[in-house]
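Undergrad: Starting off with a structure, shown below.
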Amino acid sequence: MSRLERFTYFERVVHWTLGLSFLYLLMTGLAFSHPRLFWITVLSGGGQTARFLHPWIGMLFSVSLGSMFFIWAKDMRLESNDRQWLMAVRAYATRQKDGVPPAGKYNAGQKLFFWAMTVLGVVHLASGIPLWMPAGVLGIGPFYGGTVNTMRLLHYATTLGGGGLLIVHVYLGTVAYPGTLGAMLHGRVSRGWARLHHPRWEKEQAGD
Amino acid sequence: MPQLPGSSLAVKRISASPDPAPSIRTAGPEFAKLIDISRCIGCKGCEVACKEWNELKVEPTRNFGSFQSHQDLSADTWLLMRFTEIEVDGDLQWLIKKDACMHCEEPGCLYACPAPGAIVQYENGIVDFNPDKCIGCQLCISGCPFDVPRFSAETHKVYKCNMCVDRVEVGLEPACVKTCPTNAITWGTKDDMVALAEQKVDRLKDRGFEHATLYDPSGVGGTHMMYVVPHGDRLVDYDLPEDPTAAPGALAALAGLKQLGMGVMGLGLLGTALHYLKYGPEVADEEASDPASPEPGSGPDAENT
């Protein structure tokens with residue numbers, strides 16, 4: 001049984017840097033936002049340490065997000081086929097594959113996930129900087145109450161969007177579609193997996 | 001001054017606490033500090049008393065062309081007499097502000113704080129920072145409508161006037177009140193201080209300060225440090241905000257968004273779990289290529305046409 005390489009070593013490193021930093025940011029962010037979850041900061045060395053690390057891990061997150069954007073933006077361009085896929089998303093979710101147009105390397109859902117995460121990530125970074133350094137940075141600021149409150153709202157709204165999407169992403173990437181996690185761990189998928197989830201991509205690979 | 005009752009440190013509000021305040025004591029009197037700016041002679045004895053009682057580091061300063069001792073509040077300077085020179089009706093006027101925590105009834109700092117217990121408000125009206133619980137996020141600074149709390153780059157925590165809570169607790173007045181040689185600063189229950197302020201305002205009006213007023217802004221529920229302001233029409237020149245608030249709108253929006261966020265993420269977890277229980281894993285069939293699903297083969301062709 002032949003195996004196909006789906007993600008390169010570099011792609012996998014970038015993905016997991018992004019993923020793990022996202023998880024850290026989400027956990028500590030929820031701790032800062034919800035008093036009943038404040039105990040999570042203990043896992044990060046206490047409240048003050050968590051507050052110190054959160055923005056720096058945010059920098060790591062931003063750099064990985066930027067790298068991911070340049071690696072994948074080309075593959076993530078939406079095509080006419082994607083429109084039909086999105087129309088059939090209900091059939092896709094309920095496993096009635098007959099009505100779903102075959103996907104290429106990425107299906108329309110994955111593409112939209114990528115673009116949504118990129119936009120949310122940029123807004124998240126931009127709104128996070130005034131919260132990180134309210135006294136100002138690089139000649140911008142200081143940031144006063146009204147600005148900071150708006151940034152808190154934006155920072156939380158993007159968390160809400162990103163956190164919701166992350167749940168679906170992790171679910172589909174692990175237990176829902178066996179074999180998918182392996183693609184991001186060791187980089188390879190089976191022929192059958194490729195045929196089932198990304199038939200057009202599988203055909204392209206077969207042609208090589 | 002008359003003997004004051006001791007003031008228990010019964011807690012009224014705690015930052016970032018979802019639970020009700022722990023106090024079951026019946027509310028004692030609220031205290032307030034009243035600054036009569038018209039009686040201030042600018043001696044800055046209060047600044048010294050503040051440093052001395054609170055054992056705060058002395059910060060070297062220099063003459064920068066003002067009667068003021070330092071340019072700004074800091075983590076080590078919790079009280080600063082600000083002197084502003086302006087012209088009113090052709091006369092030089094020296095506007096003085098005793099810049100320190102106002103101890104708001106609706107404390108914007110406390111509402112903005114994400115660290116449980118880092119900011120507390122006692123029944124007596126004092127808003128106190130607990131550096132032990134402070135995580136150094138500085139959101140209290142943004143939450144304060146008077147720009148009072150200051151971040152220490154040394155300890156990465158935020159500090160401000162605590163109204164000498166350790167004196168008030170045992171029936172003493174704050175250090176600045178005790179030291180003031182002209183009684184420009186008085187201390188007592190909030191009701192007494194408001195009554196006294198009204199007398200002072202009336203006297204100032206008799207003396208020709210027709211805009212004299214009591215500064216006890218209602219946007220923050222009133223404050224426990226109040227001013228008698230001779231030029232009540234020049235609040236901005238005193239550096240006193242006209243209508244300070246604890247930004248209730250923004251905080252309510254944030255609280256609503258947080259509820260929504262937890263709801264969405266909770267439903268997301270529930271939804272994926274239920275989806276898995278209904279549909280299970282979608283396992284790829286490695287053996288059959290053609291008979292199982294003819295679509296993958298015909299799909300691309302159909303699309304190209």
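Here, each number is a calculation from the coordinates, and none is a lab measurement. Since the model is a prediction, treat every value here as computed from it, not as a measurement. Here the Cβ positions follow ideal geometry from the backbone for every residue, glycine too, while neighbour counts run over all protein chains shown.
Undergrad: How compact and how long is region B:92-159, expressed as Rg and Dmax of its alpha-carbon atoms in Å?
TA: According to the Cα coordinates of region B:92-159, Rg and Dmax are 13.1, 48 Å.
Undergrad: Work through the residues other than residue B:17 whose Cβ is under 13 Å from its Cβ and net out their charges, Lys, Arg +1 and Asp, Glu -1.
TA: Taking every other residue near residue B:17 into account, the sum is +3.
Undergrad: To the nearest whole number, what is the average tally of beta carbon atoms from other chains within 10 Å of the beta carbons of peptide B:259-267?
TA: On the way: counts 1, 3, 10, 7, 1, 5, 8, 1, 2.
Across the residues of B:259-267, the mean count of other-chain Cβ atoms within 10 Å is 4.
Undergrad: Here's something else I'd like to know. Kindly provide the Kirkwood hydrodynamic radius of region A:1-52 in Å, to one decimal, from all pairs of distinct alpha carbon atoms. List each step's numbers first, then the result.
TA: Working: mean 1/r = 0.0777 Å⁻¹.
So the Kirkwood estimate lands at 12.9 Å.
Undergrad: Could I ask something else about it? Within region B:116-204, report the GluC sites (Glu not before Pro) that DSSP leaves as loop and that have at most 10 other Cβ atoms within 10 Å. Working shown, then result.
TA: Details: sites: B:123, B:154, B:169, B:198; in loops: B:123, B:154, B:169.
Passing sites in region B:116-204 are B:154.
Undergrad: In whole Å, what are the Cα extents of chain A along the three principal axes, biggest one first?
TA: Per principal axis, max minus min of the Cα coordinates gives 58, 34, 33 Å.
Undergrad: Roughly how crowded by other chains is peptide A:151-158, in terms of the mean Cβ count from those chains within 10 Å of each of its Cβ atoms?
TA: That works out to 3 on average.
Undergrad: How many times 2.2 N^0.38 Å is the alpha carbon radius of gyration of region B:10-113?
TA: Values: Rg = 18.1 Å, N = 104, 2.2 N^0.38 = 12.8 Å.
The value comes to 1.41.
Undergrad: Dimensions of the protein assembly as shown along principal axes (Cα, Å, largest first)?
TA: 101, 51, 38
Undergrad: Have a look at B:55, B:286, B:106 and tell me which one the Gaussian network model of chain B (Cα, springs below 10 Å) gives the largest fluctuation.
TA: Between B:55, B:286, B:106, it is B:286 that shows the largest mean-square fluctuation.
Undergrad: How compact and how long is region A:106-208, expressed as Rg and Dmax of its alpha-carbon atoms in Å?
TA: Rg then Dmax for region A:106-208, in Å: 19.7, 60.
Undergrad: Quick check on region B:100-245: what are the equivalent-ellipsoid semi-axes from the Cα gyration tensor, as sqrt(5λ), descending, whole Å? Mind dumping the intermediate values first?
TA: On the way: eigenvalues 166, 64, 33 Å².
Equivalent ellipsoid semi-axes, largest first: 29, 18, 13 Å.
Undergrad: What does the convex hull of the Cα atoms of region A:167-208 come to per residue, in Å³, rounded to a whole number? Intermediate values should be presented prior to the final figure.
TA: On the way: hull volume 2.8 nm³, N = 42.
About 67 Å³ per residue, rounded to a whole number.
Undergrad: What is the calculated FRET efficiency for residue A:115 to residue B:218, with r their C-beta to C-beta distance and R₀ = 51 Å, to the nearest 0.05?
TA: The pair residue A:115/residue B:218 has a calculated efficiency of 0.60.
Undergrad: How crowded by other chains is B:126-137, given as the mean number of beta carbons from other chains within 10 Å of each beta carbon? Walk me through the intermediate numbers first.
TA: Details: counts 0, 0, 0, 0, 0, 0, 0, 2, 3, 12, 5, 10.
Going residue by residue through B:126-137 and averaging, the value is 3.
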